[in-house]
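Peer 1: Pasting a structure here, questions to come.
The values are calculated or read from the model by the stated rules, or taken from the named source; none is laboratory data. Keep in mind that this is a model prediction, so the values were computed, not measured. Cβ sites come from the backbone with ideal geometry, for glycine too, and all protein chains shown count toward neighbours.
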Amino acid sequence: MIKKIQIGIGLAILVFLVGLFVVLHFKRNKIHDLPSIMKSGRLSVLTDSSSLGFSVKDDSISGFQYEIVKAFADSLGLELVISKQNNIATCMDNLKSGDYDIVANFIPITTEWKNDVLFSEPIFSSRQILVQQIQPDSVKSELIIKHYDLAHKTICIPEGSPFKMLLTHLSNEIASSINIVEVQDKSPEQLVQMVASGKIKYTICDEQFAEKLKLKYPNIDISLPIGFEQDQAWAVRSNSTQLLNKLNDFLDDFIGSTAYWEIYKKYY
């Protein structure tokens, strides 16, 4: 009798676990495309916590990515629900799991995620620059001026940054190790500030944004490019083809428009 009860309990647990797996699998893979987004009345977006992503100061909301994706949401008559996440890898995981509709961040269009998500039309095209502190005249200059000078140096990047692969390739090219440290919950802008204040020695940053940050932090050097120019885009889920088409139509019209250049001039 006891054995039958144990078998029954075991079967019940097995049925429960199978059912739970089916429900979670369905939730993860269900199509949540433009029609269901329009029905919900909300567009859920992830970006980073920086002046290029999403920033809140007092009662003011700003951000290069925020203003563009807000214009997109407004064009569809949708409420924009935006969340901050500095780890791009985590952003991609959250996107694939169906928690968000768009990752609005500068993501290089590489093979790393090309099989997992759909990329929009390029938002931007730029290359990464080494950011280092300029020492006072009284201190011997230790500026890195050649890639091979990076051998055995430590470069800090945001945790989950897609540019880790770029530095790994550079390490292979100079045939020497580069110590890559992923800093948790920091944006590229925050890491540049840490270089300027002497808390870390090196980071990398988008070239055009680095030029603007140079005006704010004149004691940084941004003269050494790291890698080549890459197209950077937003990402949507692999089954959100209608959303992607609508987003691309919007970007084709918006990028280069007067409204776009007004936003661009605010942040670059």
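Peer 1: Of all residues in the range 218-232 being buried (at least 17 other Cβ atoms within 10 Å of the Cβ) and modelled with pLDDT under 95, which is nearest to the chain's Cα centre (by Cα)?
Peer 2: Here the answer is Q232.
Peer 1: Restricting attention to the range 12-33, does a residue exist that is modelled with pLDDT of 80 or more and either of a type outside the set (G, A, S) or not assigned by TED's automatic domain parsing to the domain that holds T258 (or both)?
Peer 2: yes
Peer 1: I want to confirm something. Restricting to the range 40-55 and keeping residues that are part of a strand (DSSP E or B) and within 10 Å of the chain's Cα centre (by Cα), which single residue is surrounded by the most Cβ atoms within 10 Å (Cβ to Cβ)?
Peer 2: By that ranking, first place goes to T47.
Peer 1: What helices (runs of 4 or more DSSP H) lie completely within the range 88-184 and have 2 or more residues being over 30 Å from S36 (Cα atoms)?
Peer 2: Fully inside the range 88-184 and qualifying: 164-173.
Peer 1: Follow-up. Would you check which residues across the range 85-94 are touching a helix residue (DSSP H, G or I) at 6+ places or on another chain (Cβ under 8 Å) and without any contact (Cβ under 8 Å) to a residue 60 or more places away in the chain and list them?
Peer 2: Correct list: Q85 only.
Peer 1: Also: Would you mind stating whether K140 is at pLDDT below 90, more than 23 Å from S83 (Cα to Cα) and not small (G, A, S)?
Peer 2: So K140 passes the test.
Peer 1: Also, quick follow-up: Quick check on my filter: what residues within the range 68-96 are surrounded by fewer than 17 Cβ atoms within 10 Å (Cβ to Cβ) and among the β-branched types (V, I, T)?
Peer 2: V81, T90
Peer 1: For residues that are surrounded by fewer than 16 Cβ atoms within 10 Å (Cβ to Cβ) and at pLDDT below 95, scanning just the range 154-176, find the one that is nearest to the chain's Cα centre (by Cα). So that I can check it myself, show each step before the final result.
Peer 2: Here is the first cut: in the range 154-176, the residues surrounded by fewer than 16 Cβ atoms within 10 Å (Cβ to Cβ) are 154, 165, 168-169, 172-176.
Imposing the further condition that a residue be at pLDDT below 95 reduces the set to 165, 168-169, 172-176.
Numbers: M165: 14, T168: 18, H169: 20, N172: 24, E173: 25, I174: 27, A175: 29, S176: 28 Å.
Within the range 154-176, the match that is nearest to the chain's Cα centre (by Cα) is M165.
Peer 1: It is to be established whether one or more residues within the range 70-84 are over 22 Å from F250 (Cα atoms) and either assigned to a loop (DSSP other than H, G, I, E, B) or without any contact (Cβ under 8 Å) to a residue 24 or more places away in the chain (or both).
Peer 2: There is no residue in the range 70-84 that is over 22 Å from F250 (Cα atoms) and either assigned to a loop (DSSP other than H, G, I, E, B) or without any contact (Cβ under 8 Å) to a residue 24 or more places away in the chain (or both).
Peer 1: Scan the range 95-120 and report the pairs whose first residue is more than 20 Å from V81 (Cα to Cα) and whose second residue is among the hydroxyl-bearing types (S, T, Y) and surrounded by 21 or more Cβ atoms within 10 Å (Cβ to Cβ), with Cβ atoms within less than 7 Å and a gap of 6+ or a chain change.
Peer 2: Going by the 7 Å Cβ cut-off, the qualifying pairs are L118/S240.
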